[in-house]
1. Taking the square root of 5 times each eigenvalue of the Cα gyration tensor, what semi-axes in Å does the equivalent ellipsoid of segment 34-180 have, largest first?
2. Please work out the FRET efficiency for the pair Thr24 and Asp266, using the Cβ-Cβ distance as r and a Förster radius of 25 Å; give the result to the nearest 0.05.
3. When the solvent-accessible surface of protein heavy atoms is calculated with a 1.4 angstrom probe, in what order do Asp7, Asp219, Asp132 fall, highest first?
4. Report the calculated FRET efficiency for Ala156 and Leu67 (r = Cβ-Cβ distance, R0 = 30 Å), to the nearest 0.05.
5. In segment 31-122, which GluC sites (Glu not before Pro) fall in coil by DSSP and have 12 or fewer other Cβ atoms within 10 Å?
6. How would you classify segment 169-252 from its alpha-carbon gyration tensor, with a ≥ b ≥ c the square roots of the eigenvalues: rounded for a/c under 1.5, else prolate if a/b is greater than b/c, otherwise oblate?
7. What GluC sites (Glu not before Pro) does segment 187-287 have in DSSP loop regions with at most 10 other beta carbons within 10 Å?
8. Relative to the longest principal axis of the C-alpha atoms of the chain, give the angle of the C-alpha long axis of helix 198-208, reported between 0 and 90° and rounded to the nearest 10°.
Amino acid sequence: MKLLAVDGNSILNRAYYGIKALTTKNGEFTNGIYGFLSILLRVLDEVEPDAVAVAFDLRAPTFRHKLYDGYKAQRKGMPHELASQLEPLKELLGALGFQIVTCEGYEADDILGTLARSSAETGWDCVIATGDRDSLQLVGPHVSVRLATTKMGQPASTLYDEAAVREKYGVEPAQLVDVKALMGDASDNIPGVAGIGEKTALSLIGQYHDIDAIYAQLDTLEIKPGVRKKLGEGKEMAYTSRKLGEICCDAPIDASPAAYRRAPVDQAKAAALLARLEMFKMMERWG
């Protein structure tokens, strides 16, 4: 059995910025919705899941914001042209039989992590569809990630299983959290250790496994004095960054994969919504 867990915000964001602006005759923006549905169709064909969950963020602060005031502080609000497509997309996904999952205080990533953990524990395989590399830390024997992109306006994806993560990064998937703890993440304003970049972080974690081992023997590690000094000064921020970057796998949601089997399509509602959005070819593609 197979669960497809979709990172709704990430896929919508990728679709919006990957496809030129599209509007209806009334001026309603539709390029994000169009791209999202195109990517979803491609992934459904490739994965052939038994159940599908689509996770979305809420606007309320999460436990990460409470842990660190600067978390995502540099991000600007979602542009109106994109934000205006969010609710119509959710309504359309519901009409197409897909369940939307949100959880106050948690991010979509945490919903994906919780579903991935539950799937593995119950003997299901979980395929995560996202445009965000953060989910690569969840990859395991029963969990893979399809990293979605749009190329020349067309949906594309790269499959990451355990072997693919090792080949690209030289570490195990779960160790990517410790890599981020050292190098930080500018997109989420996770600070990491000042002066430690990706290359050094990957080398340190590849050699010493995690930040616990690094700090337990910091004085005797075979590293440059400058790196040792940076690590020592940035210890507190390294541990804070690991907490910020680690995906929570026990968000309070219905984590049973079977709960997300696709419902019957509301043909009339779906057709009416797509017609309003002037997506007549998309109506054909979805049957």
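The values are calculated or read from the model by the stated rules, or taken from the named source; none is laboratory data. Quantities reported herein were computed from a predicted structural model and do not represent experimental measurements. Here the Cβ positions follow ideal geometry from the backbone for every residue, glycine too, while neighbour counts run over all protein chains shown. Calculation scope for accessible area: heavy atoms of the full protein, side chains included, ligands and nucleic acids excluded. Shrake-Rupley method; radii C 1.70, N 1.55, O 1.52, S 1.80 Å.
1. Details: eigenvalues 109, 93, 54 Å².
So the equivalent ellipsoid measures 23, 22, 16 Å along its semi-axes.
2. 0.75
3. Heavy-atom accessible area, descending, gives Asp219, Asp132, Asp7.
4. Values: r = 35 Å, r/R0 = 1.17.
Rounded to the nearest 0.05, the efficiency is 0.30.
5. Taking segment 31-122 and a limit of 12 other Cβ atoms within 10 Å, the loop GluC sites (Glu not before Pro) found are Glu104.
6. prolate
7. Taking segment 187-287 and a limit of 10 other Cβ atoms within 10 Å, the loop GluC sites (Glu not before Pro) found are Glu222.
8. Helix 198-208 sits roughly 60 degrees off the main axis of the chain.
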